[in-house]
Amino acid sequence: MRVVSLLPSATEIALALGLDAELVGVTFECDFPPDPRAGRAIVVGGLDTHGLDPAGIDALVRARLAAGDDLYTLDVERFRALDPDVVLTQDLCRVCALPAGRVDDAIATLGCSGQVVTLDPHTLDEVLDSVLAVGAATGTSERAAALVADARARLDRLGVAVAGRRRPRVFVLEWPDPPFVAGHWVPDLVRAAGGEPVLARPGERSVPTTWEAVAGADPDVVVVASCGFDVEGAAQHAVGVLDHLPESVDVWAIDANGLVVRPGPRVVDGAETLAAILHGVGDLDPTRARPARRRDEG
């Protein structure tokens, strides 16, 4: 069996299911566990945003979309050569990965017979269901069921740990300039961690907002989870966020790619990290999250 993953979260799911030998194609963004690109064909490329600040990246993306241009490109010849049996793709976000429609077109043009598995989770439950879907398509249903059972057990334990505590109001920032509210499964992660999400639309798409609206929502904690960035990048963005928020608000930077924005197994790590931020539950790994401003530190 030959599996091609066209988004980083699907790559993480496939490798978590033990499909190391079967996974033959990935994207330029796949980076966990390190390094899934080594020894595999890179079948999806994207925009070069090096040297651009968040506003510059946003302007580039908007211009490309307005012109009808793709943000991601499929290397058709490499894809043809791999002749995959299973293709893992998405229809969740044109900005995040190659859309499934482009994959369907390529398969039809090339005459491939591979099964296309489209992952489109909007809630935390649906993220876990995605693991089961990949398992069903790749003959690893038992491994997938075990992985999901472990994830749900961890979430249950987390629920017990934060039960009865005051639930701080939490705003998760998916992009700093212009500011975007993190939607989809992110509000579920906040609730699982013992917080109350503000401005978010659970299960719905991430949407732009204003700093006035963020301040007006009166959050206790703002978590900077910049899509496409690790904790180092988010920490840099968090510095620019401080001036937009009242000094009474705690501001944290978090590894968005590893913990929040990719709908794969590590979102449970994200819920646990948020619980450590909000309630001191468990150990807080500084490579995953770090404070930009804390009220108890003045």
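For Gly194, the conditions (1) in a helix (DSSP H, G or I); (2) over 29 Å from Leu52 (Cβ atoms) all hold with the exception of (1). Name every residue in segment 51-90 that is in a loop (DSSP other than H, G, I, E, B) and either touching a helix residue (DSSP H, G or I) at 6+ places or on another chain (Cβ under 8 Å) or at pLDDT 75 or above (or both), in order of residue number. Of everything in segment 51-90, those that are in a loop (DSSP other than H, G, I, E, B) and either touching a helix residue (DSSP H, G or I) at 6+ places or on another chain (Cβ under 8 Å) or at pLDDT 75 or above (or both) turn out to be Gly51, Leu52, Asp53, Asp70, Leu71, Asp75, Asp83, Pro84, Asp85.
The residues of segment 122-174 that are more than 30 Å from Leu242 (Cα to Cα), among the β-branched types (Val, Ile, Thr) and surrounded by 14 or more Cβ atoms within 10 Å (Cβ to Cβ), listed by number, are Val127, Val131, Val134, Thr138, Thr140, Val148. Going by the structure shown, is Ala235 over 28 Å from Glu126 (Cα atoms) and either touching a residue at least 12 places away in the same chain (Cβ under 8 Å) or surrounded by 24 or more Cβ atoms within 10 Å (Cβ to Cβ) (or both)? Yes. Does Ala149 satisfy the criteria of being in a helix (DSSP H, G or I) and either under 17 Å from the mean Cα position of the chain (by Cα) or over 30 Å from Met1 (Cα atoms) (or both)? No; evaluated as a whole, the condition is false for this residue. Note on segment 234-262: residues that are touching a Phe, Trp or Tyr at 6+ places or on another chain (Cβ under 6 Å) and closer than 20 Å to Val190 by Cα total 1.
Taking the conditions (1) in the same structural domain as Gly228 (by TED's automatic domain parsing); (2) modelled with pLDDT of 95 or more; (3) touching a strand residue (DSSP E or B) at 6+ places or on another chain (Cβ under 8 Å) in turn, Ala137 satisfies each one other than (1).
Only one residue in Val222, Val172, Val186, Val162 is modelled with pLDDT of 95 or more, among the hydrophobic types (A, V, I, L, M, F, W, C) and in contact with a His (Cβ under 6 Å, 6 or more places away or on another chain), so which one is that?
Numbers: Val222 fails: in contact with a His (Cβ under 6 Å, 6 or more places away or on another chain); Val172 fails: in contact with a His (Cβ under 6 Å, 6 or more places away or on another chain); Val186 fails: in contact with a His (Cβ under 6 Å, 6 or more places away or on another chain).
On inspection, the qualifying residue turns out to be Val162.
The values are calculated or read from the model by the stated rules, or taken from the named source; none is laboratory data. Computed from a predicted model, the values in this text were never measured in an experiment. We place every Cβ from the backbone using ideal geometry, glycine too, and count neighbours over all the protein chains shown.
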